[in-house]
There are 2 protein chains.
Amino acid sequence: MKIIIDAMGGDNAPGEIVRGAAEAAGMYQSQIVLVGNQAKIEQCLKSCPESGKKIEIVHTEETISMEDDPLSILRAKKNCSMGVGLRMLKEDGDAFISAGNTGALHAGSSLIIRPVKGLQRSAIATVLPFQRPCLLMDCGANVTVTAEYLEQWAIVGSLYMEYVMKVKNPQVGLLNNGAEECKGTPVQVDAYQKLKNHPDIHFHGNIEGKEVPAGLCDVLVTDGFTGNITLKMLEGMAKFLFGQLKEIYTQNVMTKMSYLLMKDSLRGLKKSFDASEYGGAPLLGLQKPVIKAHGSSDARAIVNAVRQAEAFVKTGVIHEMEERMKKYDRSALRTKAAEETAKESE
Amino acid sequence: MKIIIDAMGGDNAPGEIVRGAAEAAGMYQSQIVLVGNQAKIEQCLKSCPESGKKIEIVHTEETISMEDDPLSILRAKKNCSMGVGLRMLKEDGDAFISAGNTGALHAGSSLIIRPVKGLQRSAIATVLPFQRPCLLMDCGANVTVTAEYLEQWAIVGSLYMEYVMKVKNPQVGLLNNGAEECKGTPVQVDAYQKLKNHPDIHFHGNIEGKEVPAGLCDVLVTDGFTGNITLKMLEGMAKFLFGQLKEIYTQNVMTKMSYLLMKDSLRGLKKSFDASEYGGAPLLGLQKPVIKAHGSSDARAIVNAVRQAEAFVKTGVIHEMEERMKKYDRSALRTKAAEETAKESE
């Protein structure tokens with residue numbers, strides 16, 4: 001298996017990315033390819049005791065920054081590490097990982113790797129760190145959506161949870177501002193009916209904001225604007241509440257003592273909201289696996305992303321998505337044909 | 001001052017609402033009017049030791065439920081306690097409080113009380129319980145918005161924070177999926193420019209989800225769909241994390257001991273996320289103060305809502321909103337006239 005990693009993307013690139021890639025090369029079977037500035041990568045590899053022979057380097061001069069226009073990956077900066085990596089994936093790679101500019105990664109993979117046939121848009125999906133893991137999609141790629149996008153994401157999201165996360169009969173929720181069918185903008189109202197009536201979707205119903213952590217579903221669909229704010233709110237709220245706890249613990253000698261008794265457990269809880277633990281966010285619906293690692297990824301996050309990429313490839317879930325979209329296309333055509341026949345016979 | 005309270009709205013009506021009203025009547029100067037089923041209200045008042053002579057009861061037969069269509073307040077159920085209360089407010093009341101159906105309260109007050117002249121839509125505003133209180137608006141009344149709504153809410157929200165919450169030069173943030181000017185849907189992109197260029201708005205810039213608890217602004221504007229989900233996420237995340245903490249504390253004897261040392265402080269923190277502590281959510285932009293108490297309001301929440309209503313009325317902030325909207329209208333007209341003159345002279 002050939003896993004391509006963008007060595008230049010993210011706040012801690014290339015140091016942490018290269019270190020994570022070297023660790024992963026030592027741990028897993030896959031062939032790791034690092035794309036980026038060769039001299040810098042080699043320099044970083046020198047300090048990695050694990051650096052094995054399995055790491056190949058593909059040199060690129062350019063890098064796309066967080067500030068660059070996402071579409072520059074297709075034009076002015078098409079030879080940046082991310083662009084070259086995506087084209088390598090298209091040609092003969094098995095998966096691509098980048099911690100760089102999310103917009104560019106989405107734009108580049110949509111146009112270079114392309115969505116699975118029949119799927120209108122790919123989306124960024126993130127597994128939320130609750131007791132019942134929940135795949136939130138879209139987390140920011142598509143700020144405006146149609147009801148049909150949400151319906152299609154429910155299908156590919158369910159397949160991901162079933163094949164990669166081993167969840168049986170994944171339940172789908174629609175993020176909304178109330179429980180009733182009539183809630184939301186016209187997009188949610190329409191999506192509710194589509195999700196409810198789709199034979200391949202186990203629809204739980206609307207999920208309100210306060211229910212997000214409650215573990216009511218396995219896949220939560222929403223537009224990328226709301227999804228992005230929801231995802232980042234989790235991070236912000238966890239950080240805020242742990243900050244408040246810390247203040248309480250440092251109030252006096254007694255509370256400080258109390259903290260010593262609790263330290264390890266609290267750290268565990270805090271860690272579960274740490275983005276580097278999630279692995280990465282798959283860009284779901286593409287013809288080949290692309291994984292967006294968090295911008296602040298460290299070596300450990302990259303190791304997790306490689307593990308996740310291997311699992312993603314091995315399950316063959318993308319083939320299943322293609323089959324499902326074909327069936328869906330055919331059944332949509334059948335319904336349309338039936339409607340037309342019905343009209344004619346009226 | 002005459003404060004009218006919907007005795008029949010909310011999960012704990014009429015018992016807790018009447019009890020809260022009676023307590024408030026004993027504590028504050030205002031004349032309290034309870035609208036609802038007279039027999040039931042009188043029954044509840046019997047058990048209130050504080051029940052003073054200051055409480056007037058206006059009898060209504062009907063009640064609007066949480067499941068009713070919001071617009072029924074104007075049609076089939078126009079004589080429900082909420083509808084009668086709003087018409088009394090219009091006539092000679094000073095403020096109205098209800099813990100009932102939010103949609104109906106918004107629809108009813110928009111059409112009976114009417115927005116301040118020049119303001120296109122009123123919005124539900126909630127003060128988020130962080131160290132730096134932040135007014136989030138809209139929290140659910142308007143699921144789709146225009147950039148102009150957001151701009152107008154920034155103005156009335158700033159005035160509320162300045163006059164009622166005594167915040168000097170309130171800073172305004174735009175809830176968005178990234179920091180850059182270009183982020184969001186076309187509505188946010190347009191709103192960013194409007195907020196940045198408005199002479200009466202102190203614009204901080206975009207606020208991402210993770211920054212919501214960080215206290216970067218005093219007024220946070222967004223559409224009612226995103227605002228509702230954001231508000232309820234805070235509640236859900238606080239509940240989830242306290243649940244996790246409880247599990248940690250009950251692990252063994254040592255952690256249980258530790259809990260005893262921390263109990264009071266933790267309760268304080270938990271309480272700060274308890275909706276009944278916020279008072280209520282003002283429906284901002286109306287010609288008279290309307291306050292939406294939380295659906296699960298208890299007597300204490302009603303007392304807080306009465307206190308808030310008194311403060312709201314005393315500051316005269318609604319007069320200020322009217323003046324500001326007049327000025328804003330005039331300056332908009334001036335700009336338009338100037339543009340036309342410029343065009344003609346070209």
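Please treat every number below as a calculation from the coordinates, not as lab data. These numbers were taken from a predicted model, which means no experiment stands behind them. Note that we place each Cβ from the backbone using ideal geometry, even for glycine, and neighbour counts take in every protein chain shown.
Label zone of A:S296 (point 7 Å out along Cα→Cβ, amide N under 19 Å): in the stretch A:103-134 this covers A:103, A:126-130.
Each Lys and Arg contributes +1 and each Asp and Glu -1, all at the Cβ; summed about the Cα centre of the protein assembly as shown, the dipole is approximately 1280 debye. Our summary gives chain A a relative contact order of 21 percent, counting only alpha carbon pairs under 8 angstrom and 6 or more residues apart.
Between B:L111 and A:Q120, the FRET efficiency from the beta-carbon distance, with R0 = 51 Å, is close to 0.85. Measuring max minus min along each principal axis, the C-alpha atoms of the protein assembly as shown give extents of 88, 74, 62 Å (largest first).
Taken over the alpha carbons of the stretch B:178-240 as equal point scatterers, the Debye sum produces base-10 log I(q)/I(0) values at 0.14, 0.18, 0.24 Å⁻¹ of -0.45, -0.72, -1.17. Relative to the other identical copies, A:K196 shows label-point distances of 4.3 nm, where the label point lies 7 Å from Cα along the Cβ direction and values run shortest first. The ranking of A:R267, B:R121 from fewest to most other beta carbons within 10 Å of each one's beta carbon is A:R267, B:R121.
In the protein assembly as shown, helices alone account for a calculated mean residue ellipticity at 222 nm of -16000 deg cm²/dmol, with every DSSP H run of four or more residues adding -39,500 (n - 2.57).
Considering only the Cα atoms of the stretch B:16-66, their convex hull presents on average a projected area of 3.7 nm².
When B:R132, A:R19 are arranged by Cβ crowding within 10 Å, least crowded first, meaning fewest neighbours, the order is B:R132, A:R19. Other protein chain C-beta atoms within 10 Å of residue C-beta, averaged over B:239-245: 6.
About the centre of its Cα atoms, the stretch B:128-275 shows a dipole size close to 860 debye [charges on the beta carbon of Lys, Arg (+1) and Asp, Glu (-1) only; nearest 20 debye].
Most simply put, the stretch B:128-275 has about 10% antiparallel DSSP beta bridges, counting only bridges with both residues inside it.
Across the cross-link table entries A:K78/A:K292; A:K168/B:K210; B:K239/B:K288, which are compared at the Cα atoms, the separations over 30 Å belong to A:K168/B:K210; B:K239/B:K288. Scattering from the stretch A:93-134 was approximated by placing one identical point on each alpha carbon and applying the Debye formula without solvent; log10 I(q)/I(0) at 0.22 1/Å stands at -0.87. A Förster distance of 30 Å, applied to the separation of the beta-carbon atoms of A:A39 and A:D11, puts the FRET efficiency at 0.90. Relative to the other identical copies, A:T250 shows label-point distances of 3.1 nm, where the label point lies 7 Å from Cα along the Cβ direction and values run shortest first.
Beyond 23 Å in Cα-Cα separation lie the following of the pairs A:K246/A:K271; B:K90/B:K194; A:K232/B:K183; A:K246/A:K270: B:K90/B:K194. Listed values for the stretch B:84-100 are Karplus-derived 3J(HN,Hα) couplings in whole Hz (6.51 cos²θ - 1.76 cosθ + 1.60, θ = phi - 60°), namely 5, x, 5, 5, 5, 4, 4, 5, 8, x, 10, 7, 10, 10, 9, 9, x, and x replaces Gly and Pro. Across chain A, the convex hull enclosing all Cα atoms gives 157 Å³ per residue.
For a Förster distance of 45 Å, can you work out the FRET efficiency between the beta-carbons of A:K327 and B:H202, rounded to the nearest 0.05?
Numbers: r = 55 Å, r/R0 = 1.22.
It comes to 0.25.
Tell me, how many Å apart are the Cα centres for the stretch A:231-272 and for the stretch A:127-188? The stretch A:231-272 and the stretch A:127-188 have Cα centres spaced 31 Å from each other. Taking the convex hull of the alpha carbon atoms in the stretch B:128-275, what volume per residue do you get, in Å³? Each residue corresponds to 114 Å³ of Cα convex hull volume. At q = 0.09 Å⁻¹, work out log10 I(q)/I(0) for the stretch A:24-156 with the Debye formula, treating every Cα as an identical point scatterer and leaving solvent out; two decimals please. So the normalised log intensities are -0.34.
Here the spin labels are modelled as points 7 Å beyond Cα on the Cα-Cβ line, and at A:F242 and A:R307 they lie 1.9 nm apart. Convex hull volume of the Cα atoms of the stretch A:202-269, normalised per residue: 103 Å³.
Of the trypsin sites (Lys or Arg not before Pro) in the stretch A:42-103, the ones in a loop by DSSP (not H, G, I, E or B) with at most 10 other beta carbons within 10 Å are A:K53, A:R75. Neighbouring Cβ atoms from other chains, within 10 Å of the Cβ of residues in A:129-136, number 1 on average.
Starting from the label point of B:A179 at 7 Å along Cα→Cβ, the same points in the other copies fall at 4.0 nm, in ascending order. Once you reduce the stretch B:1-51 and the stretch B:69-120 to the center of their Cα atoms, the two points are 19 Å from each other.
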